[in-house]
Amino acid sequence: MTDPATGGEGARGSGGDGMPLARDLVIEAIRSCFDPEIPVNIYDLGLVYEVKVEGTHAYVKMTLTSPACPVAGTLPIEVKNRVEMVEGIETAEIDLVWDPPWTPAKLSEAAKLQLGM
């Protein structure tokens, strides 16, 4: 599995014109989505497993902390809407998966610090 924070070759940083790559902008948009029960964005929570941008289409593979999560029906829609607001992105596909299951081990270092872990 590709680490969404590092992605593949050329996936981070800026384009040749000094502008951020579309993938970076998509990740920034995802970071504006929060699990309502945990005060950390879903990207740093480790809920996002993969982010790909091909042309004007974004693909996000994500999970939730639990299948019984109270926002299971709304959070993927929120992510899709936020990603589709990114300049240059026309469509977004959100793939909600349960395997591998989320565990606290998936928290980023920033999330662990924010949660006092």
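Numbers at a glance
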read-out: Evaluation of ALA11 against (1) of a type in the set (A, V, I, L, M); (2) at pLDDT 90 or above; (3) surrounded by 13 or more Cβ atoms within 10 Å (Cβ to Cβ); (4) not in a strand (DSSP E or B) (one fails), failing number; value: (2)
read-out: THR63 being within 13 Å of TYR43 (Cβ to Cβ) and either at pLDDT 95 or above or surrounded by 12 or more Cβ atoms within 10 Å (Cβ to Cβ) (or both); value: yes
read-out: Lone qualifier among LYS112, LYS80, LYS52 - being surrounded by fewer than 20 Cβ atoms within 10 Å (Cβ to Cβ), touching a Phe, Trp or Tyr at 6+ places or on another chain (Cβ under 8 Å) and of a type outside the set (Phe, Trp, Tyr); value: LYS52
read-out: So ILE89, is it surrounded by 12 or more Cβ atoms within 10 Å (Cβ to Cβ) and either closer than 21 Å to LEU21 by Cβ or modelled with pLDDT of 95 or more (or both); value: yes
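The values are calculated or read from the model by the stated rules, or taken from the named source; none is laboratory data. Because the structure is predicted, anything quoted here is derived from the model rather than measured. For neighbour counting, all protein chains shown are included, and Cβ atoms are generated from backbone atoms with ideal geometry for every residue, glycine included.
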